[in-house]
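Trainee: The structure's right below; bear with me while I get my questions together.
The values are calculated or read from the model by the stated rules, or taken from the named source; none is laboratory data. Given the structure is predicted, the values throughout are model-derived calculations rather than measurements. Please note: Cβ atoms are built from the backbone with ideal geometry, for glycine as well, and neighbour counts cover all protein chains shown.
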Amino acid sequence: MTSAQRYTAGAATVRACPLPIAIIEARASVFDPLNCLDLGTTARRVLFGILRFFNLARPSQAIWPRRDLLRAEALLNSESSLYRGLAELERCGYLQREQIRVSRNGRFHVSPVLLTEKARLLLRLNGRDKAEKSSEKVIHNAPSLKVTDGQYKEHTNRPQSLQKTVASERVSEVDRATKVPVVLLWLLGRGLSPTAVFKLMGLAKKQGKRLEEVAQAFRDKLLVLPSREVFAYLRSMLGKDIDYRAVVSQRQHAEAIVATRRSCEAQLHSILEKWHGYGIVDREGVFVGRLNSASAVVEASHGSMPVNLRFARAVQDGYYRALSFK
């Protein structure tokens, strides 16, 4: 086989394969909104694909993924997207590439990819001790079992009453003065009367919807509409085939991400300002390392851990705390 045939792209598809837990966790952290903040979606996908070929036993060794296989692992539709992602990763300091010619005329070439210290640090692929490496052999735990009358049965949660579940979702606190559900009281401030709210609630029920979900989905729009148009707008929205519960859920999820990020940013600023030189211990009291605010890392004998938004979130959740040596 010639060198040109070896590196010529062919059809490639993603195939299921077992991966160490460290790689699985690293690939998940690539899409963590609190990690790799300087990367766009395409670059994150390419980094996700590169980790498929990463060798934990030789973290500083370059990898040689074929471009069609890498594109398939990165779930990208075109090579131009792959090249844009690789260029962004190289520009942001996550990887290093080197063009190597493998034919005399230079037409065929390969690019070995090397994850930088920054990438390995952010993805926690550095400084892993033997205990962690040994735990990578077990990826899934079998479901717990119990024996009843000689038969094995899997432990499961007790089923809840469907009526009880639905009822708990439907219960809404009512304002004593107006009899309007508390979650809809803000509509009164938009010019609707209690009678108008009740009428809209009846229309929503006939359509199999809930007025509070429809109103919440378009809250920003309703807050700027003239009062005389609020009723007509809600009535028209009730007739549309839209899953308003999903719309509200997506909005709440996006708002929660923004709120979490702001909270973590404030926590990170406080950590870097007040914890310099402090020791860091985990929730079991095991010493992790000493915090260095200048380089924004926790320094330990077996490696280092970045002090970023993800670390700040772990502090908020109680996974780490400071121990003063002063």
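Trainee: Got a sec? Which of Phe311, Phe287 is over 21 Å from the mean Cα position of the chain (by Cα) and not basic (Lys, Arg)?
Mentor: Residue meeting the stated conditions: Phe287.
Trainee: Restricting the range 234-275 to residues that are part of a helix (DSSP H, G or I), of a type in the set (Gly, Ala, Ser) and without any contact (Cβ under 8 Å) to a residue 40 or more places away in the chain, which is nearest to Val197 (Cα to Cα)?
Mentor: Result: Ser236.
Trainee: May I ask you to list the residues in the range 276-301 that are surrounded by 12 or more Cβ atoms within 10 Å (Cβ to Cβ) and in a loop (DSSP other than H, G, I, E, B)?
Mentor: Answer for the range 276-301, where residues must be surrounded by 12 or more Cβ atoms within 10 Å (Cβ to Cβ) and in a loop (DSSP other than H, G, I, E, B): His276, Gly277, Tyr278, Ser293, Ala296.
Trainee: Counting only residues that are assigned to a loop (DSSP other than H, G, I, E, B) and more than 26 Å from Phe311 (Cβ to Cβ), which one in the range 16-54 is modelled with the highest pLDDT? Working first, answer last.
Mentor: Of the range 16-54, the ones assigned to a loop (DSSP other than H, G, I, E, B) are 16-20, 31-40, 54.
When the remaining residues are screened for being more than 26 Å from Phe311 (Cβ to Cβ), the result is 16-18.
Numbers: Ala16: 62, Cys17: 69, Pro18: 78.
Looking at residues that are assigned to a loop (DSSP other than H, G, I, E, B) and more than 26 Å from Phe311 (Cβ to Cβ), I get Pro18.
Per-residue answers, yes or no, for (1) modelled with pLDDT of 85 or more; (2) closer than 16 Å to Ile23 by Cα:
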{"site": "Arg66", "(1), (2)": "no, no"}
{"site": "Ala87", "(1), (2)": "yes, no"}
{"site": "Arg101", "(1), (2)": "no, no"}
{"site": "Arg107", "(1), (2)": "no, no"}
{"site": "Leu114", "(1), (2)": "yes, yes"}
{"site": "Ser135", "(1), (2)": "no, yes"}
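Trainee: Ok, one more. Applying the selection to the range 218-233, what residues are in a loop (DSSP other than H, G, I, E, B) and surrounded by 12 or more Cβ atoms within 10 Å (Cβ to Cβ)?
Mentor: If the condition is that a residue be in a loop (DSSP other than H, G, I, E, B) and surrounded by 12 or more Cβ atoms within 10 Å (Cβ to Cβ), then Phe218, Leu225 are the ones that fit.
Trainee: While we're here: For the range 62-69, does any single residue satisfy the condition of being in a loop (DSSP other than H, G, I, E, B), small (Gly, Ala, Ser) and under 16 Å from the mean Cα position of the chain (by Cα)?
Mentor: So far as the range 62-69 goes, no, none of its residues is in a loop (DSSP other than H, G, I, E, B), small (Gly, Ala, Ser) and under 16 Å from the mean Cα position of the chain (by Cα).
Trainee: Sticking with this structure for a sec: Any idea which residue in the range 70-104 is surrounded by the most Cβ atoms within 10 Å (Cβ to Cβ), counting only those that are assigned to a loop (DSSP other than H, G, I, E, B) and of a type in the set (Ser, Thr, Tyr)?
Mentor: Per the criteria, the residue is Tyr94.
Trainee: Same structure again: How many residues does the range 234-265 hold that are among the small types (Gly, Ala, Ser) and surrounded by 11 or more Cβ atoms within 10 Å (Cβ to Cβ)? First the steps, then the outcome.
Mentor: We begin by selecting, within the range 234-265, every residue among the small types (Gly, Ala, Ser); these are 236, 239, 246, 249, 254, 256, 259, 263.
Filter once more, so that each one left must be surrounded by 11 or more Cβ atoms within 10 Å (Cβ to Cβ): 246, 249, 263.
Counting residues in the range 234-265 that are among the small types (Gly, Ala, Ser) and surrounded by 11 or more Cβ atoms within 10 Å (Cβ to Cβ) gives 3.
Trainee: Does Leu268 count as at pLDDT 85 or above and either farther than 30 Å from Ser324 by Cβ or surrounded by fewer than 16 Cβ atoms within 10 Å (Cβ to Cβ) (or both)?
Mentor: In short, no.
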